[in-house]
Amino acid sequence: MRDWADFTTDAEEGGASTIALTGALTVSCIGPLDKRLRELDEPIARIDLSGVSAIDTVGAWTAWRTARDHDAEIVGASEQAERLISAIKDSKGDADIAPPRAEVIERVPAAVGDLVVGWGEGTVGVIGFLGSLVVSAGHTIKKPSKLRVKALIRQIELVGVSALGIIGLMCFLVGIVIAQQGAVQLQQFGAEFYTINLTGRLAMRELGVLMTAIMVAGRSGSAFAAQLGTMKLTEEVDAMRTIGVSPVEALIIPRVLAAVLMMPLLGFYAAVMAIIGGAFLANFALDIPFFTFLARIQEVVPMHDVWVGLVKAPFFGLIIALAGCYQGMQVKANAEEVGIRTTMAVVQAIFMVIVLDAFFAIFFTKVGWG
């Protein structure tokens, strides 16, 4: 059982008291005692250490500091206690516990400057990471045997096949919501039949691929960052370099290829599920037969809308994989940084996907696919 440090007070003539410390004056037992000694405001003449069973540097400092603050005498100290007290009594500092806080006019520009520098360093790091990926991809193209096919198939399963359920359910429900909200607005003009046009074009052009990208970023992008970050912490990446295996070729290229290859398929699948969701709602809420809805989709959705979604999907997959792998490879210190980098990977991937989607919207409008 822990021998907690304690003290008793014996009043003397003249108003001064003697503090008798008992128990172990060690770092593991002195916590409550230290707080109580700091709160003493009565005059103290002596501090008796004869009842102390053990003492370390922290205990010696606590006893000496109390004696110093109350101008008291230390008595009953053992040889070890005297040696420790003589060693630490000259150690003192007059600095504040916390450094003074700068004024707002100084703090804000400094914070903005740090943020800008961080963005610049991050941009340089991403460009360097992309360059190493391009070099490794070139080596793999020259020598296809370097491509780890089993790893690629495994990542395709994780990124694509395992995501079919959640992506299908999510887009099915979102398709229902889009059809229902569109029908409510179009009914005001007696044009609820155009809900088919709204649902079909929105799903094929934007909804399917964008919602898929967000889901893949949350599932696979975070997994990439967490897996690679953990491998960095356990020095598996360093071990691979030691035995002559390129981490980019072994770990990153399979993940990037899997995301790029599966995003078009997942995006098209998500668009189809959203259309089926809209048809499901229209069958019950708008009295539009299910198969009539699907047949009408083929007439009202131009083929270039399908190509718009398919063209955007690989770029979204590339961004998601790059963000996840880059952040995972930046882990250096501890397990907390794995969580921070995983969060950054998801946020950066979703942000860049939305920015790129806006760019594609403008681009396709300019080329006549609006």
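What number goes with the only condition from (1) within 27 Å of Leu173 (Cα to Cα); (2) over 21 Å from the mean Cα position of the chain (by Cα); (3) open to solvent by less than 20 Å² (accessible area, probe 1.4 Å) that Thr212 does not pass?
Tallying (1) within 27 Å of Leu173 (Cα to Cα); (2) over 21 Å from the mean Cα position of the chain (by Cα); (3) open to solvent by less than 20 Å² (accessible area, probe 1.4 Å), Thr212 fails exactly one: (2).
Quick check, is Glu106 farther than 23 Å from Asp3 by Cβ, open to solvent by less than 80 Å² (accessible area, probe 1.4 Å) and not assigned by TED's automatic domain parsing to the domain that holds Tyr326?
no
Here are the criteria: (1) farther than 30 Å from Ala60 by Cα; (2) modelled with pLDDT under 85. Tell me which single one Phe129 does not satisfy.
Unmet for Phe129, out of (1) farther than 30 Å from Ala60 by Cα; (2) modelled with pLDDT under 85: (2).
Of the conditions (1) open to solvent by 30 Å² or more (accessible area, probe 1.4 Å); (2) over 17 Å from Leu84 (Cα atoms); (3) touching a residue at least 24 places away in the same chain (Cβ under 8 Å); (4) not in a helix (DSSP H, G or I), Asp41 satisfies every one except a single condition; which number is it?
Against the list (1) open to solvent by 30 Å² or more (accessible area, probe 1.4 Å); (2) over 17 Å from Leu84 (Cα atoms); (3) touching a residue at least 24 places away in the same chain (Cβ under 8 Å); (4) not in a helix (DSSP H, G or I), Asp41 comes up short only on (3).
Against the definition (assigned to a helix (DSSP H, G or I) and either of a type in the set (Gly, Ala, Ser) or in contact (Cβ under 8 Å) with a residue 24 or more places away in the chain (or both)), how does Arg241 come out, yes or no?
On the way: assigned to a helix (DSSP H, G or I): yes; either of a type in the set (Gly, Ala, Ser) or in contact (Cβ under 8 Å) with a residue 24 or more places away in the chain (or both): no.
No.
Could you say whether any residue in region 40-47 is farther than 20 Å from Asp71 by Cβ and out of contact with any Asp or Glu (no Cβ under 7 Å at 6 or more places or on another chain)? Talk me through it step by step, then tell me what you get.
Within region 40-47, the subset farther than 20 Å from Asp71 by Cβ is none.
Looking for residues that are farther than 20 Å from Asp71 by Cβ and out of contact with any Asp or Glu (no Cβ under 7 Å at 6 or more places or on another chain), one finds none in region 40-47, hence no.
Please work out which residue is most open to solvent (accessible area, probe 1.4 Å), limiting yourself to region 9-38 and to residues that are hydroxyl-bearing (Ser, Thr, Tyr) and closer than 13 Å to Gly76 by Cβ.
Of everything passing the filter in region 9-38, Thr22 is most open to solvent (accessible area, probe 1.4 Å).
From the list Gly244, Gly200, exactly one residue is in the same structural domain as Lys312 (by TED's automatic domain parsing), out of contact with any Gly (no Cβ under 7 Å at 6 or more places or on another chain) and open to solvent by less than 10 Å² (accessible area, probe 1.4 Å). Which is it?
Gly200
State the number of residues belonging to region 280-300 that are β-branched (Val, Ile, Thr) and open to solvent by 60 Å² or more (accessible area, probe 1.4 Å).
1
Confirm whether Val311 is out of contact with any helix residue (DSSP H, G or I) (no Cβ under 7 Å at 6 or more places or on another chain) and without any contact (Cβ under 8 Å) to a residue 24 or more places away in the chain.
No, not satisfied.
Restrict the check to region 301-317 and report whether at least one residue is open to solvent by 70 Å² or more (accessible area, probe 1.4 Å) and of a type in the set (A, V, I, L, M).
yes
Is there a residue in region 179-187 that is among the β-branched types (Val, Ile, Thr) and either at positive phi or open to solvent by less than 30 Å² (accessible area, probe 1.4 Å) (or both)?
Checked against the condition, which is being among the β-branched types (Val, Ile, Thr) and either at positive phi or open to solvent by less than 30 Å² (accessible area, probe 1.4 Å) (or both), region 179-187 yields no hits at all.
The values are calculated or read from the model by the stated rules, or taken from the named source; none is laboratory data. As the structure is a computational prediction, the values presented were derived from the model and not from experiment. Don't worry about glycine lacking a Cβ; one is built from the backbone with ideal geometry, like all the others, and counts go over all protein chains shown. Side chains are part of the model used for accessible areas, which takes the heavy atoms of the whole protein and leaves out ligands, DNA and RNA. Shrake-Rupley method; radii C 1.70, N 1.55, O 1.52, S 1.80 Å.
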